[in-house]
Amino acid sequence: MGPGGPIFRLRTLLWLGLAALAVMFAGSSAIADPPIPDPGFIAPLSSQVQHLHFKYGPIYVQAGQNLILIGPVTIEKPAYDGYMVGFRPNLVRKDGSVPPIEQIHLHHAVWLNLSRRDTTDPTLAGQRFAASGEEKTYARLPPGYGYPVKRTDVWALNYMVHNETPNPDVVWITYDVDYIPATSPLARHIIPVEPVWMDVQNGEAYPVFNVLRGSGRKGRFTYPNDAPRAPRRNTWTVGQPGTLVWTAGHLHPGGLWDDLTDTRGHRSRLLFRSRAHYFDPEGPVSWDMAMTVTKPNWRVALRKGDTLSVSATYETRIASWYESMGIMIAWLAPPDPRAPDPFKDPRAISTSGAVTHGHLPEASNHGGLPTGLPDPASLPSGRTLLNGIGVGGFRYLPGDLTLPGSLGDPPVFHRGQPIRFAAFDAWAQIFHTVTACKDPCTGSTGISYPLANGPVTFDSGELGYGPSGFTAASNKDEWVLQTSKLAPGTYTFFCRIHPFMRGAFRIVK
């Protein structure tokens, strides 16, 4: 099906239709402006390089929200022709402060140029040229290269802001652009580049996959290599010769690295490994990390017919990692005869790089501190139930560990008796999960706690309803846990969406 066929038109209508809905919920950026941050965090590039500050908001984040939304048809962008040479995203409140990640979480944001076709998926409504999660990678092109922007271009935003609290909030997505106006003498020497979006689930509106603890080999799982039944959406065939000049990866907690590989005939070469550097003392368990990017002199010559592929590697000893991602954005310039060919001069291509920033203050609360809650294994048995456990109002009922008395005592089920979890918030678009965690699972909530590290692995997925194709929800309001393989004992669980929610149940013979 060609890029102008019915599939393209349908997807365009979906994106723009959801854009209208997002305007209703998110409002206009003219309502209230967050203050402009101190530009000192951006080192001067040149007296001819401008540092432009843009914002989208206010975004009214409902209590417990975890929705994928499309921004309005137009968001702020440079108003005159020029070249983007740097891009730095963030998420702020009205006073300019950055919310702690365990409270408000930028799951992902994708910037699109609706005036161009996407390089690796032309059926999309626009060209993906920038992205961020809570690692907030700062993209800076090597000197002499830039992404051409026209004053008539239309930019859009796909975003997923996750409220992990029971309280509503208001935030803005900001993006600082290093920009060279086309009228600047420096612009005459800029080589134009185009973005090459590489995604292990390319083409999916919500491109995620699960990594279960113990899967893969030697404590590591690489997607899609270790998922033989997974669709192969992670490749792109080069249509004309060119030169790669920059790339970086995007991972979620638990991620170790993204690999960008070139295949020519029967040979393959690793072009770059974007590693996740964790500042978290517990290791690869949280958003307290930064990704590595290529060095300024990194260049790779590509031939027509080469096949680029991306893979994502996660650790599997510590915990399970649900709804994970693996993305790399590369920038492609015209052919440069000086660029090394990966199959003729592989040693000239550095496959390692450097992180773009240090520890971020919003990633400081790792959690796991004592809260005074009792170990649920020491609590008396609660009611012996026939039906199951309710999930709603940011509580598990019965068996919520934060509730006093009998409501907090673990309900009892006989081994082999299915446990039905019913989500009463499903139609309110408040999503919840039932995810195994290690007893006692009572530590303070943070970006490293709790984890999906129970003695057995179970997860309900996100119970709730949302727009098909543009939601993290399973579009179910109940989930049944089979207990025939669970030994007698007490099992603790939490909600991945609202990790302050903790529950327990008990299995008896």
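Taken together, the values in this text are just the output of simple stated rules run on the coordinates, not laboratory data. All values derive from a computational prediction rather than experimental measurement. Methodologically, a virtual Cβ is constructed for each residue, glycine included, from the backbone with ideal geometry; neighbour enumeration extends over all protein chains shown.
Using a 10 Å cut-off on Cβ atoms, rank the peptides 116-125, 265-274, 424-433 from the highest mean neighbour count down.
Working: 116-125: 18.6, 265-274: 16.2, 424-433: 20.8.
So the peptides 116-125, 265-274, 424-433, ranked by packing, come out 424-433, 116-125, 265-274.
Would you please put 224-236, 156-168 in order of how densely packed they are, using the mean number of other Cβ atoms within 10 angstrom per residue and starting with the highest? Kindly include the intermediate steps, with their values, before the conclusion.
On the way: 224-236: 15.0, 156-168: 19.8.
Ranking, from highest mean packing down: 156-168, 224-236.
Given a Förster distance of 30 Å, report the FRET efficiency between R420 and V208 from their Cβ-Cβ distance, rounded to the nearest 0.05. Provide the component values of the computation, followed by the final result.
Working: r = 26 Å, r/R0 = 0.86.
That pair, R420 with V208, gives E of 0.70.
Based on the alpha-carbon gyration tensor of segment 228-336 and its eigenvalue square roots a ≥ b ≥ c, which shape applies: rounded if a/c is under 1.5, prolate if not and a/b is larger than b/c, or oblate?
Judged from the Cα gyration tensor, segment 228-336 comes out oblate (a/c at least 1.5, b/c at or above a/b).
Using Cβ contacts closer than 10 Å as the measure, can you line up V49, V154, V300 from fewest to most?
V154, V49, V300
Output the peptides 365-372, 497-504 sorted from most to least packed, where packing is the average of other Cβ atoms within 10 Å over each peptide's residues.
On the way: 365-372: 14.1, 497-504: 24.1.
Ranked from most to least packed, the peptides come out as 497-504, 365-372.
Using a Förster radius of 60 Å, what is the FRET efficiency between T307 and L407 based on their Cβ-Cβ separation? Nearest 0.05, please.
Efficiency at R0 = 60 Å is approximately 0.55.
So, counting K/R as plus one and D/E as minus one, what does the shell of residues with Cβ under 14 Å around D425 add up to?
Result for the local shell: -1.
In the structure displayed, which of K55/K136; K77/K295; K476/K509; K77/K304; K94/K150 lie more than 24 Å apart, Cα to Cα?
Those over the limit are K77/K295; K476/K509; K77/K304; K94/K150.
Identify which of the listed values of Kirkwood radius over Cα pairs in Å was calculated from the structure shown: (1) 24.9; (2) 24.0; (3) 25.8.
Label of the calculated value: (2).
Using 7 Å Cα-to-Cβ label points, what is the K295/K485 separation (nm, one decimal)?
It works out to 4.7 nm between the two label points.
Which of the cysteines found in the chain have nothing to pair with, since no other Cys Cβ lies under 4.7 Å from theirs?
So far as the 4.7 Å Cβ criterion goes, C495 stand without a partner in the chain.
For every helix of n ≥ 4 consecutive DSSP H residues, a contribution of -39,500 (n - 2.57) applies; sum these over the chain, divide by its total residues, and give [θ] at 222 nm rounded to the nearest 500 deg cm²/dmol. Could you put the intermediate results ahead of the total?
Numbers: 1 runs with 21 residues, N = 509.
So the calculated ellipticity at 222 nm is -1500 deg cm²/dmol.
Counting only other residues whose beta carbon sits under 12 Å from that of T183, what net charge do I get with K and R as +1, D and E as -1?
+1
For segment 159-174, what does the Karplus curve 6.51 cos²θ - 1.76 cosθ + 1.60, with θ = phi - 60°, yield as ³J(HN,Hα) per residue in whole Hz, taken in order and with x for Gly and Pro?
With the stated coefficients, segment 159-174 comes to 9, 9, 9, 10, 8, 8, 10, x, 10, x, 8, 9, 9, 10, 8, 10 Hz.
Whole Å is fine, so just give me how far the alpha carbon centre of segment 155-184 lies from that of segment 90-141.
Result: 7 Å between the Cα centres.
Relative to the present Cα-Cα distance, how much length would full extension add between K438 and S350 at 0.36 nm per residue of separation?
That pair, K438 and S350, stretches by 27.6 nm at full extension.
All other residues with a Cβ under 11 Å from the Cβ of Q50 taken together, and with Lys, Arg as +1 and Asp, Glu as -1, what is their net charge?
Cβ neighbours under 11 Å give a net charge of -2.
Can you tell me how segment 367-509 classifies by the Cα gyration tensor, rounded, prolate or oblate, using a/c under 1.5 as the rounded cut?
oblate
Taking the Cα centre of the chain as origin and charging only Cβ (+1 Lys, Arg; -1 Asp, Glu), how large is the dipole, in debye to the nearest 20? Provide the component values of the computation, followed by the final result.
On the way: 46 positive and 41 negative charges, 307 e Å.
Once rounded to the nearest 20, the dipole reads 1480 debye.
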